[in-house]
Each structure stands twice: as C-alpha cells, then as structure tokens.
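Engineer: This is the structure I have questions about; it appears just below.
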Amino acid sequence: MVNGKTSLYGIIGNPVRHSLSPVMHNSAFAALSINGIYVPMQVENVADAVTGLAALGFIGLSVTVPYKETVMEYLDEIDPVAKRIGAVNTLLFRSHPDNGAVVSRGFNTDWLGSNLALAEKMQLPGSRVLILGAGGAAKAVGFGLVEAGAEVIISNRSADRGRELADWLGCQFCPLDQLDGIQADALVNSTSVGMEPNADDIPIDSKLLGNFRVVMDIVYAPLQTTLLKKAAAAGCRTIDGLSMLLYQGAVQFKIWTEKQPPQDVMRAALLAELARQ
Ligand code: ATR
C-alpha cells in the first residue's frame, strides 16, 4: 500500500518500457515488507530528471541507456570505481548531516553483477575469459574480470572498437575470424546477437564452443539463447542473461536499503515477468 511514508525509487532511461527492474525491486520490497515503490521513468533530459527527482525526495535510482555516462556530470559525488569505468548505473540520494541538503552519489554495479554471475560457476582469479563485444556491457564485464585478476581477451565485429576497449582494459584483442585459436575457461557474449527477434543468431561458430568450460550470455530475451543451448550441448556450464541483471540489481538494493537482497524472490519475479512479456 502506497502511503505518506512510502520511499521512492525508480529507473531513468530512454526507453524504459521493457525494463525488468521495476518488477525485480518491487518484489524485493514486498518480500522484506519495506514500504517502498520503484517506478519506470522515461526521461528526455537527464539533468532535469536528477534535479527533479532529488527535489521530490527519491532515495535511489537505476540509470540505463543512454544516460550511464552523461548522468555523471550532474552528480555531487561519484564512487571511485564508477569514475574509473566512466559509467554510473546507480544513484543514491541522502540528506547532508549538517544542513539537510540533498547529496547525490553515483555507483556502478554492472561489473559486480557480471563477476557475481560468473563466480557462481567458476573461479575468477587466474582464469582466462574471451569476451565478445565492445560496448558498455562488454566494458563492465571486462573491467570486473580484470579487477578480479582474470586474463581477458576481447573480440568484436568492428575491430577498431574492439582494439580500443582491449587497450583500455590492458588486454589482448582477437579478430573474430581468428577465434579458432582461442582456448579459455569462459566465453561471455556481451553483444546483442541472439536477442529477439533474431533469436536464431549466434555470436560465435558453434563448433568452437568446446574450447570453453563456461559460457555466459548477457542476452535474456530469449532466456535460453541459441548460444546457451549449443553451449550446453557441447558440455559447457551455462549462465543465462538474467544472472547479471539480477546481481547488479541486488547490489543496488543493498546500496539503497542497507538490507540483504532476497535474491531468490527477485529472480523468480524476473522469470515470471519475462514469461509475461
Ligand atoms: P551495449 O552498451 O549494450 O553494450 P552497444 O554499445 O550498442 O551496446 O554495443 C553492442 C555490441 O554488440 C557491440 O560490440 C556490437 O559490435 P560493433 O561494435 O561491431 O557494432 C555488437 N553487435 C551488435 N550487433 C551485432 C551483430 N549483428 N554482429 C556482431 N556484433 C554485433
């Protein structure tokens, strides 16, 4: 029941209509009997949104495409790791203890979400991981792995963009047509290949899947992508795209509420919502 004491949270981005985050966070509030609500907000002007939502008393926000980088300009404080990545996906508003003024602080939980998802199926330190992609998602996955002490290899359709990310991470780049020479502990698809409506697409030749022990996909619609199905058939352990989404959200929830997130409830809510969409 929303009443005068309800705490406000939400997601800003454009578009946000298909976001699974409202269902995930609202299920967590309900499970822990927290009087909070999390709403989707399609935003045209991120500066106005941050100022306005701070003024309205919001406590926490998720930030999604296309504002993860630009939002940083409008925050009072940025967590040092988010500053190193150059992207923020989580905001926390709090009152300054001296004068009560609202202070906004930005965090990045995407890299932690990816590490937590991978760590369920493998040891990260000392492992070798091939990442497909060079966008924001690949950057978060790569940053997390390097931070955890893994050796990363980047591959990407556009070689220039791939090399740029590999240089930034301080790791190797491998052109897509030379992947047959790569053996690694894990493969992570951080591209949009395989996403509905192109669910038959696969980002790597399926004959190469035997070269990896673990395969993670960040695509979650469909949940069982062609990549994950073929990887399972090749004997790999698989991690679906809901895992990174769940864990980055679980870390956000902890930042906002300082409570242990009910991850099983959140995952069940995500699965139910995916089935509905
Ligand atoms: P995000 O921030 O979510 O990672 P992005 O910046 O648009 O999104 O990056 C999308 C990634 O998917 C890129 O690595 C892109 O490859 P390019 O850099 O060559 O564009 C990759 N990608 C998208 N569609 C692809 C396709 N059909 N085949 C191969 N790679 C694709």
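Engineer: Nearest 5 is fine: what % of DSSP beta bridges in the chain come out antiparallel, could you say?
Structural biologist: 20 percent
Engineer: Once you have all Cα-Cα distances for segment 143-189, histogram them in 10 Å bins from zero and send the whole-percent values.
Structural biologist: P(r) over segment 143-189, rounded to whole percents: 26, 59, 15.
Engineer: Leaving out same-chain residues fewer than 8 places away, which lysines sit with a Cα under 24 Å from that of K83?
Structural biologist: Excluding near neighbours in sequence, the set is K68, K139, K254.
Engineer: Let me ask something else about it. When Rg is the radius of gyration of the Cα atoms in segment 163-210 and Rh is its Kirkwood radius, what does Rg/Rh come to?
Structural biologist: Across segment 163-210, the Cα-based Rg/Rh ratio is 0.99.
Engineer: Using a probe radius of 1.4 Å on heavy atoms only, what accessible surface per residue do you get for the chain? Whole Å² is fine.
Structural biologist: Counting only protein heavy atoms, the per-residue value for the chain is 47 Å².
Engineer: Tally Lys/Arg at +1 and Asp/Glu at -1 over every other residue whose Cβ is under 15 Å from the Cβ of D79; what's the total?
Structural biologist: Cβ neighbours under 15 Å give a net charge of +1.
Engineer: Could you tell me the calculated FRET efficiency between A31 and A221, based on Cβ-Cβ distance and R0 = 22 angstrom, to the nearest 0.05?
Structural biologist: Between A31 and A221 the formula returns 0.35.
Engineer: May I pose another question? Could you give the dipole magnitude of segment 111-239 about its Cα centre, charging the beta-carbon of Lys and Arg +1 and that of Asp and Glu -1, in debye to the nearest 20?
Structural biologist: Around 240 debye, computed over segment 111-239.
Engineer: Now a separate question. With each label point set 7 Å from Cα along the Cα-Cβ vector, what nm distance links K5 and D201?
Structural biologist: Taking the two extended label points, one gets 5.0 nm.
Engineer: What number results when the radius of gyration of the chain, computed over Cα atoms, is divided by 2.2 N^0.38 Å?
Structural biologist: 1.02
Engineer: Toward the positive end of the charge dipole of the chain, about the Cα centre and with charges on Cβ (Lys, Arg +1; Asp, Glu -1), which of V46, P197, L274 goes farthest?
Structural biologist: Of the options given, the answer is L274.
Engineer: Next up: Relative contact order, percent, of the chain when contacts are C-alpha pairs under 8 Å separated by at least 6 residues?
Structural biologist: Over the chain, the number comes to 17 percent.
Engineer: By how many degrees, between 0 and 90 and to the nearest 10, does the Cα long axis of helix 241-257 differ from the longest principal axis of the chain?
Structural biologist: Between helix and principal axis, roughly 30 degrees.
Engineer: Determine, for each peptide in 240-247, 191-198, 16-23, the mean count of other beta carbons within 10 angstrom over its residues, then list the peptides with the highest first.
Structural biologist: Ranking, from highest mean packing down: 240-247, 16-23, 191-198.
Engineer: About the Cα centre of the chain, what is the dipole size in debye to 20, counting +1 per Lys and Arg Cβ and -1 per Asp and Glu Cβ, all else neutral?
Structural biologist: 560 debye
Engineer: 222 nm [θ] for the chain, helices only, -39500 (n - 2.57) per DSSP H run of 4+, per residue, to 500?
Structural biologist: Theoretical 222 nm ellipticity from helices: -11000 deg cm²/dmol.
Engineer: Another question about this same structure. How much of the accessible area of the chain, probe 1.4 Å, is carbon plus sulfur, in whole percent?
Structural biologist: Of the solvent-accessible surface of the chain, carbon and sulfur hold 51 percent.
Engineer: What percentages make up the Cα-Cα pair-distance distribution of segment 76-116 when the bins are 10 Å wide from 0?
Structural biologist: 30, 43, 22, 5
Engineer: Give, in whole angstrom and from largest to smallest, the semi-axes √(5λ) of the equivalent ellipsoid of segment 16-128, with λ running over the eigenvalues of the Cα gyration tensor.
Structural biologist: Output for segment 16-128: semi-axes of 26, 19, 15 Å.
Engineer: Something else: Over all distinct alpha-carbon pairs, what is the Kirkwood Rh of segment 28-82 in angstrom?
Structural biologist: The Cα-based Kirkwood calculation yields 12.9 Å.
Engineer: Turning to a different aspect of this structure: Note the direction-averaged projected area, equal to a quarter of the hull surface, for the Cα convex hull of segment 166-277, in nm².
Structural biologist: For segment 166-277, the mean projected area of the Cα convex hull comes to 8.9 nm².
Engineer: Another question, then. Bin by bin, in steps of 5 Å, what percent of the Cα pairs in segment 111-239 do you find, going until the bin that has the longest distance?
Structural biologist: 2, 12, 24, 26, 22, 12, 2, 0
Engineer: Over all distinct alpha-carbon pairs, what is the Kirkwood Rh of segment 191-240 in angstrom?
Structural biologist: 10.5 Å
The values are calculated or read from the model by the stated rules, or taken from the named source; none is laboratory data. Remember, it's a predicted structure, so these values are computed and weren't measured experimentally. For neighbour counting, all protein chains shown are included, and Cβ atoms are generated from backbone atoms with ideal geometry for every residue, glycine included. Side chains are part of the model used for accessible areas, which takes the heavy atoms of the whole protein and leaves out ligands, DNA and RNA. Shrake-Rupley method; radii C 1.70, N 1.55, O 1.52, S 1.80 Å.
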